[in-house]
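The values are calculated or read from the model by the stated rules, or taken from the named source; none is laboratory data. Only a predicted model underlies this, so the values are computations on that prediction, with no experimental measurement involved. Virtual Cβ from ideal backbone geometry, glycine too; neighbours counted across all protein chains shown. Only protein heavy atoms, including side chains, enter the accessible area calculation; ligands, DNA and RNA are left aside. Shrake-Rupley method; radii C 1.70, N 1.55, O 1.52, S 1.80 Å.
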Amino acid sequence: MRYTTDKSLPHKELPLWLKLVLSLWVVVWAPTYWVLLGPQNYFWLCNLANFLILAGLWSESRGLVSMQWLAVALVGALWTLDVGTAWLTGWHPIGGTEYMFDTEHPPLARGMSLYHLILPLVAGFAIWRIGYDRRALLWQSLLTWVVIPASYLYTDPERNINWVQGPFGQPQSVLDPLLYLVVLMLLWPLVIYLPVHWLTLALLRRRRG
């Protein structure tokens, strides 16, 4: 999946050290999460991004890297905002990161969750080096429309993975569960991916200018 949509930008190779560092991270992180939190945790789109970004780096695929840039950029920023605000004030302005302050949640797993700070930087650097594929919005949306129903069908409801049981980590009872799932599938690309897509295109136009 090595697309070259932005042909006006020269293709630059990604540094080997970045590929090796992320490979080492995934080799350590993946089995640790499996042991501490179980394989269901991989259904999280942000956790899945670890594997897909690694594949994108080694293949230098604009498609894969661009897709995961959409997946982690805004989510990582909001995660950081929520954790940072809660750490300073005790208040979660968004929600969904309460586990970071839950003493019953494994401390090692909480520490490893700080990858939410790093993955956007890795994906953003890769985009800057090899370019952005405009088709990423479509492909990441399609991937999301597979992962979200799979999360609903194959993960424990109390884990609320990818918020399939309710937004911001809390269960909802306003909508029928299946109707809520459809709404979630529609809103995820519109609210999470589309703003990043537009901003990335604007920055690329500025860079070309």
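Counting each DSSP H run of 4 or more residues in the chain as -39500 (n - 2.57), what helix-only mean residue ellipticity at 222 nm follows after dividing by all residues, to the nearest 500 deg cm²/dmol? Before the final figure, lay out each step's value.
On the way: 8 runs with 132 residues, N = 209.
It lands at -21000 deg cm²/dmol.
What is the extension gain from Leu18 to Arg207, computed as 0.36 nm multiplied by their sequence separation minus the C-alpha to C-alpha distance, in nm to one decimal?
Details: separation 189, 0.36 × 189 = 68.04 nm, distance 2.33 nm.
Taking Leu18 through Arg207 to full extension adds about 65.7 nm, to one decimal.
What area, in nm² and to one decimal, does the C-alpha convex hull of the chain cast on average over all directions? Don't skip to the answer; put the middle values down first.
On the way: hull surface 48.3 nm².
Average projection, Cα convex hull of the chain: 12.1 nm².
Averaged per residue, what accessible area in Å² does the chain show with a 1.4 Å probe, protein chains only?
Values: 10930 Å² over 209 residues.
Value for the chain: 52 Å² per residue.
If you fit an axis through the alpha-carbon atoms of helix 194-208 and take the longest principal axis of the Cα set of the chain, what angle between them do you get, 0 to 90°, nearest 10?
Rounded to the nearest ten degrees, it is 20.
Expressed as a rounded percentage, what relative contact order does the chain have, with Cα pairs under 8 Å and six or more residues apart? Can you show the working numbers first?
Working: 218 pairs, mean separation 58.2, N = 209.
The normalised contact order for the chain reaches 28 percent.
About its Cα centre, how strong a charge dipole does the range 60-200 have in debye, to the nearest 20, once Lys and Arg get +1 and Asp and Glu get -1 at the Cβ? If you can, show how the numbers build up before the last one.
Working: 6 positive and 9 negative charges, 118 e Å.
Dipole size: approximately 560 debye.
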